[in-house]
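This report concerns only the one structure given below.
The values are calculated or read from the model by the stated rules, or taken from the named source; none is laboratory data. Computed from a predicted model, the values in this text were never measured in an experiment. Virtual Cβ from ideal backbone geometry, glycine too; neighbours counted across all protein chains shown. Calculation scope for accessible area: heavy atoms of the full protein, side chains included, ligands and nucleic acids excluded. Shrake-Rupley method; radii C 1.70, N 1.55, O 1.52, S 1.80 Å.
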Number of protein chains: 2
Amino acid sequence: MKILIIGGVSAGTSAAIGARRNSEDAQITIYDRDVDVNHAGYATHYVIGGVVESIDKLTPTSSAWFKQRHNIDVHTKHEILKIDHESKIVYGVDLETEEEFQDDYDILIFATGSSATVPPVFRDKKFSNVFTVKNVQGGRDLQKYIETDQPENVVVVGGGYIGLGVSEQLTNVGMNVSTLEFLDYPMSQLDSDTSIHIADILEHNGVNFYGSDGVVELVEENEKLAKVITANDKEYAGDLFIVATGVRPNTELAQSIGVELGSSRAIKINEKLETNIPDVYAVGDVAEAFHAITKEPIYLPLATTAVKMGRIAGDVITGGQLRFNGVLGTSVVRLFDQTIASTGLTEKAARAKGLDIVVLTNSNLSRLRFMGGEDILVKAIADKETEEMLGVQIIGAEGVDRLIDVFATAMTFRAKVSDLFQLDLAFTPPISTPVDPVMFTGMTLFNAIHGAPLVTPAELNEKLDQGKEHLIIDLRADKDFKESHLEGAVNIPMDELRKNLDEIEKDKNIILYSSTGENGYIAQETLLNKGCEDIYNLSGGIENYRTLYSDRLVK
Amino acid sequence: MKILIIGGVSAGTSAAIGARRNSEDAQITIYDRDVDVNHAGYATHYVIGGVVESIDKLTPTSSAWFKQRHNIDVHTKHEILKIDHESKIVYGVDLETEEEFQDDYDILIFATGSSATVPPVFRDKKFSNVFTVKNVQGGRDLQKYIETDQPENVVVVGGGYIGLGVSEQLTNVGMNVSTLEFLDYPMSQLDSDTSIHIADILEHNGVNFYGSDGVVELVEENEKLAKVITANDKEYAGDLFIVATGVRPNTELAQSIGVELGSSRAIKINEKLETNIPDVYAVGDVAEAFHAITKEPIYLPLATTAVKMGRIAGDVITGGQLRFNGVLGTSVVRLFDQTIASTGLTEKAARAKGLDIVVLTNSNLSRLRFMGGEDILVKAIADKETEEMLGVQIIGAEGVDRLIDVFATAMTFRAKVSDLFQLDLAFTPPISTPVDPVMFTGMTLFNAIHGAPLVTPAELNEKLDQGKEHLIIDLRADKDFKESHLEGAVNIPMDELRKNLDEIEKDKNIILYSSTGENGYIAQETLLNKGCEDIYNLSGGIENYRTLYSDRLVK
């Protein structure tokens, strides 16, 4: 059997090694038009930022290594131009010698990856000071430019995963960075009450973030890009511009032989990574995945998914039993001293699907406060009907990677909210808390589904705007209440609640809020036990409400 | 309903608050003979070490707070002496005023906790410079002694969780610490190939660790303990002695009314935390738990379990649906710059149960090497028959808390080894790796069950000692081989394996080993695919073997 793989980064090399694991007989060949094989392009900005000592570290393996270690033939700088799938022959060109070549196959794997997309105004323009950050070769070019031209002012176009990483690293080496994002907030795939905090993190660390604005015009000076002009008529000048506005799957070659794309415009695959064409597979950034919860196709080009798809395809082709079960879209980014992570569905995605959900936003501690613990913001979404966890978003200085992976693991097993309380997680004072945020989240979501309902900031506004009369109770200290509160709220500090229980009119529609939600939760239980029936606790408390609707608070 | 709780630390207060969450009508009273309510006694040594700024931080809540916030009556320094369960009356004494009192109840909860045990030679002896570390009041005494007497040389008796924590903290404040352990290694509840590394960590950080030795004689001088003499006839002198040799459940009061103990000598409970006596519950350190995997009783007094048991009992008593599902015994300790964690069954526990298991020891990376990643040692045990994960032990400088909790979460859902590969865990270069150690562990265990068997160091010795002829292949570089290797091994460096494939006699009984096991795993697959049938890879490689059997290596 001859396996031919087009593309030699994470997915392609994983497929090759996966196939070799099961078979010594298979002949395995990889073609890649890039200079490097199996490069860690996702870490390029850490070289620029000096975290990685040399860019060569991102290419630890060579074609020779693949041959010696795995008997896999890797041809870099070889571009496949045409495929005759009826005869199972590929035609290509050696980009170095310009010689043409051809090769045959029994099994063809598309691992052609993705390419950086740029906004329309950047297309077909070429400036020596405009870069995308995608592969190691691009990183070498950028590194060289920085060494030679020593830029000081950088404009990063795009506030996604890569744009933020680049913004951080260039700030860390002393550049003055402005980051522009077309949508309201950075990482806008998350819910806005999460991503608004990311904007704060950027500003707090000296990155100038500008949301809701897109580049519409480029101003050239001495063959370089001098400034960009935006839809809001703002000008951003710089001596270095990084465009990081996303990627698109490199599907052209696959489409040329009739490979079908999915609704995401990436290649449609099944759980065996097969395409619609017999003997043709697709893995990694060129393929679409499907969501482990919704089972719907999603395009989420991540290295973890690429490696997984590759490994499975290599196994399937050589007779193995591995199958692709879909992904939760778990992702994480480190941004200065904060970590932002997400798994499963966002609130907006869940609502867009029409699911009846409950949403908890809560402030937790990474460790006990007396051990130096820091706040962690957890937003969790569960399905009211099935009581299954649907998604989580987390921001904090420490422990975020642990929490997101615990949630992702539980969700892989279709955890119900009540399952989370049962987890036996590790506690020691320097690291964690005796009641883990995961357990607290599960318990609170369970109660929210079973009689102690939460209300999100947006839902609260809806309630208030409907004009129905509410008794709004602010549970914070007198001082905090005086600073600002919801219009119409009465102040009953938590410590005085029990004294005033009999004075609260039980038949009113009650809204409770505390600072971050936890006292509200306790007060809600007390009032429910006292016979109140229509009583909501503001999820995340007034602090979470304030991030989105500070203009609705009064003094 | 009147709920009376004896004991006001983690379990007792959780039960009280849990009950109050469901009911405003219940009258809830806690009696505790200690000075403090709900103290974080588990963090006492961090006060001594200066990590926690003041010992008062360990008692954030008071009796007044419980009354005001939760309408719970807490009486500290009140000892219950006698219970008449027929009449449902308790008799006690106010330890401050020495006044006797009595109280009645409908429901009685034993949350009487555990007490430090000391070796026989310490019993009934009283020295002003000998301390146990259990509760905050004991911490105050120790702190006062250290301030007054400024001890320099400390002998810690006991190398368990608390003994190690104390050894670390006292070393950190400049004392000269010797730690004695009756068994071979510290934390001997773990497997010896794990706990031997903990001895190294102690030595590396300046703690003198002495295993396999017990104190048999105490030598007094000026009313203080001056030195201890051990079974091995060694003398350890010091001006401060900490005895941390474990705890025993305080069951006396419960036994006095006929409450049944389990095989662990702690109170036997069911999933509702009920004892054998109607209307009597037991929670926390006084109760035994059961293992979530084996369903057998275990005594594992941990704060996490105490809080969970308390919460569930409070819920059950007031009509809730929470049930106790058992524990995995997940625990973690931070020791200088290393973290040691464990969940589920150890190898020795699994073998003692007669389970047919597969054991993987593997060196993993916390992050990619070029991002500054460090080695993490993962030992994982799976059931060959059910293919379920049974247990994991992990040691490393970072990421250990994340890994143990992911394993514990997966195991709560009875994960099979093949499930681990499917997890969608979070990757970003500063934090993790694209193929997570959890995924790698699952995949390797799966292969070990399905045709690519592993052999543990002990199993290898057994094989070698049986006298059957083996072809032992050392896959490391020539230089490493020359330094030391298994007797009779031939050296075929990994990079030369493919060149030599035809020369390897396929019908031999083959043992492969590499440095830490990973190359052995690849080589094993290659040789299996080439037709070898009897071929084992040494789990953890020769480096893991060396930690236990360095004397069996030759030059």
Task: Matching residues in segment A:460-480 - criterion: being in a helix (DSSP H, G or I) and buried (at least 19 other Cβ atoms within 10 Å of the Cβ) - done: A:L460
- [ ] Determine if segment B:287-305 includes at least one residue that is farther than 27 Å from B:A415 by Cβ and either in contact with an Asp or Glu (Cβ under 7 Å, 6 or more places away or on another chain) or within 14 Å of chain A (Cβ to nearest Cβ) (or both).
- [x] no
Task: Within segment B:410-434, considering residues that are of a type in the set (V, I, T) and more than 7 Å from every other protein chain (Cβ to nearest Cβ), the one surrounded by the fewest Cβ atoms within 10 Å (Cβ to Cβ) - done: B:T433
TODO: May I ask you to verify whether B:K126 is open to solvent by 40 Å² or more (accessible area, probe 1.4 Å), at negative phi, of a type outside the set (G, A, S) and touching a residue at least 24 places away in the same chain (Cβ under 8 Å)?
DONE: no
- [ ] Tell me which residues, restricted to segment A:306-329, are in a helix (DSSP H, G or I), open to solvent by 10 Å² or more (accessible area, probe 1.4 Å) and not aliphatic (A, V, I, L, M).
- [x] A:R311, A:D315
Task: Candidates B:L368, B:L360, B:L300 - the one that is touching a strand residue (DSSP E or B) at 6+ places or on another chain (Cβ under 9 Å) and over 30 Å from A:N447 (Cα atoms) - done: B:L360
Task: Residue, nearest to B:N208 (Cα to Cα), within segment B:144-161, restricted to residues that are in contact (Cβ under 8 Å) with a residue 40 or more places away in the chain and open to solvent by 50 Å² or more (accessible area, probe 1.4 Å) - done: B:N153
- [ ] Of the conditions (1) in contact (Cβ under 8 Å) with a residue 24 or more places away in the chain; (2) not in a loop (DSSP other than H, G, I, E, B), A:P301 clears all except one; give me its number.
- [x] (2)
Task: Within segment B:207-259, tally of residues that are surrounded by fewer than 13 Cβ atoms within 10 Å (Cβ to Cβ), touching a residue at least 24 places away in the same chain (Cβ under 8 Å) and either in contact with a Leu (Cβ under 8 Å, 6 or more places away or on another chain) or part of a strand (DSSP E or B) (or both) - done: 2
- [ ] Out of A:I376, A:I394, A:I381, report the one residue that is within 14 Å of chain B (Cβ to nearest Cβ), in contact with a Gly (Cβ under 6 Å, 6 or more places away or on another chain) and not in a helix (DSSP H, G or I).
- [x] A:I376
TODO: Can you confirm whether segment A:42-49 contains a residue that is touching a residue at least 12 places away in the same chain (Cβ under 8 Å), under 23 Å from A:I312 (Cα atoms) and within 14 Å of chain B (Cβ to nearest Cβ)?
DONE: yes
Task: Test result for A:V166, in a strand (DSSP E or B) and modelled with pLDDT of 95 or more - done: no
Task: Candidate set from segment B:510-530 (those that are farther than 25 Å from B:G467 by Cα and within 14 Å of chain A (Cβ to nearest Cβ)); member that is surrounded by the fewest Cβ atoms within 10 Å (Cβ to Cβ) - done: B:K530
Task: Qualifying positions in segment B:407-434 - within 15 Å of B:T386 (Cβ to Cβ) and of a type in the set (D, E) - done: B:D419
Open item on the list: If I filter segment A:494-509 down to residues being open to solvent by 70 Å² or more (accessible area, probe 1.4 Å) and not in a helix (DSSP H, G or I), which single residue comes out as farthest from A:L454 (Cα to Cα)?
Closed with: A:E505
Open item on the list: Need pairs with beta-carbon distance below 6 Å; first residue more than 9 Å from chain B (Cβ to nearest Cβ) and within segment A:50-73, second among the small types (G, A, S); sequence gap 6+ or separate chains.
Closed with: A:I55/A:G139; A:I72/A:A16
Task: Matching option when the condition is assigned to a loop (DSSP other than H, G, I, E, B) and out of contact with any Lys or Arg (no Cβ under 7 Å at 6 or more places or on another chain), among B:Q143, B:Q189, B:Q137 - done: B:Q189
Task: Residues of segment A:169-186 that turn out to be assigned to a helix (DSSP H, G or I) and surrounded by fewer than 20 Cβ atoms within 10 Å (Cβ to Cβ), as a count - done: 1
